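Just so you know, all these numbers are worked out from the coordinates, no wet-lab data involved. Please read these numbers as outputs of a predicted model, since none were measured by experiment. We place every Cβ from the backbone using ideal geometry, glycine too, and count neighbours over all the protein chains shown.
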Amino acid sequence: MYELTSVGKRYGNATVGVDALKEVDLRIRDGELLAIVGPSGSGKSTMLQMLGGLDHPTSGSVVLNGKDLAQMGDADLTAVRRDTLGFVFQNFNLIATLSALDNVEIALVPTGVASDERRARAHAALESFGLGDRIEHLPSELSGGEQQRVAIARALVGEPQVLLADEPTGNLDSATGAELMQLLRGLNSEHGHTIVLVTHDTGIARQMGRVVEMEDGRILRKGAPA
């Protein structure tokens, strides 16, 4: 799946700058449940950007399914993100003026899927997350947990291999966050999605299969949850 070798990321220049990642080595197996944890500024969000092809490393390689994302141009990276990766964010990133159904359907527009099939797949995705009676609601008419489920449906409607989640429980209360984690673990066990989740919450991390602890741009520990 993923193999990161000597990955570094420097913001700024050689004289004045910040090293967000320093000589990071990491393998992520197909179908793995992985949490990346660490304090603010540890490099965990930068790591997720590398995994998602959202930024280029300054040095090293980020290989996904045998292809180095660090060497790809924008068009190829766009295709990888469209066909292989799904993204979930702390702030949901739903379009406020679109219904839940439209927010999910819009993710399929770049794939070239016909409009009728897009509509049907978006509806089925929302149904599968228990939102069949909320499809015409705007984001402002949904609870935080419902908005995050719409966001996950949008991320998965294109049937990606990998789901990358940046603090997905950060804006949820503890009970709703627990429900979301149960949903993510179910996606992994039932459908085999590789899920990489960034969090500062050690309680969330303990629910994942493996934990990577980061500090000052380096990996301190890799292993089973403590």
Of the candidates Ala155, Leu54, Gly217, the farthest towards the positive dipole end of the chain (Lys/Arg Cβ +1, Asp/Glu Cβ -1, centred on the Cα centre) is Gly217
Contour minus Cα-Cα span, Asp173 to Asp116, at 0.36 nm per residue, comes to 16.9 nm
Across Thr84, Thr199, Thr97, the residue with the highest GNM fluctuation in the chain (Cα network, 10 Å cutoff) is Thr97
Partner lysines whose C-alpha sits under 16 Å from that of Lys9, ignoring same-chain residues fewer than 8 away, are Lys22, Lys44
One point scatterer per Cα, no solvent, Debye formula: log10 I(q)/I(0) for the stretch 118-226 at q = 0.15, 0.20 Å⁻¹ comes out as -0.69, -1.12
Treating every alpha carbon of the stretch 90-149 as one equal point scatterer without solvent, the Debye formula yields log10 I(q)/I(0) values at q = 0.16, 0.18, 0.20, 0.27 Å⁻¹ of -0.45, -0.57, -0.70, -1.17
Given a Förster distance of 22 Å, the FRET efficiency implied by the Cβ-Cβ spacing of Asp133 and Asp102, rounded to the nearest 0.05, works out to 0.85
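From Cα pairs below 8 angstrom and at least 6 apart in sequence, can you work out the relative contact order of the chain, rounded to a whole percent? If you can, show how the numbers build up before the last one.
Numbers: 430 pairs, mean separation 67.1, N = 226.
Taking the mean separation of contacting Cα pairs over the length of the chain, I get 30 percent.
For Ser40, Ser99, which order do you get if you count the other beta carbons within 10 Å of each Cβ and list the fewest first? Kindly include the intermediate steps, with their values, before the conclusion.
Values: Ser40 7, Ser99 20.
Least to most surrounded, the residues fall as Ser40, Ser99.
For the chain, report the convex hull volume of the alpha-carbon atoms normalised per residue, in Å³, without decimals.
Numbers: hull volume 28.5 nm³, N = 226.
Taking only Cα atoms, the chain has a hull volume of 126 Å³ per residue.
Report, in debye and to the nearest 20, how large the dipole of the chain comes out about its Cα centre when Lys and Arg carry +1 and Asp and Glu carry -1 on their Cβ. Mind showing how you got there, number by number?
Details: 21 positive and 30 negative charges, 113 e Å.
Result for the chain is approximately 540 debye, rounded to the nearest 20.
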Once the in-chain neighbours fewer than 8 apart are removed, the aspartates and glutamates whose Cα is under 18 Å from Lys222 read Glu3, Glu23, Asp25, Asp30, Glu32, Asp201, Glu213
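Using only the Cα atoms, work out Rg/Rh for the stretch 3-59, with Rh taken as the Kirkwood radius, to two decimals.
Looking at the stretch 3-59, the ratio lands at 0.98.
In what order do Asp19, Asp74 fall by count of nearby beta-carbon atoms within 10 Å, going from fewest to most? Kindly include the intermediate steps, with their values, before the conclusion.
Numbers: Asp19 17, Asp74 8.
With the sparsest Cβ surroundings first, the list reads Asp74, Asp19.
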Label model pair Ala124, Gln161: point-to-point distance (7 angstrom along the Cα→beta-carbon line) in nm is 2.2 nm
Simple spin-label estimate for His191/Thr15, 7 Å along Cα→Cβ, in nm, reads 5.1 nm
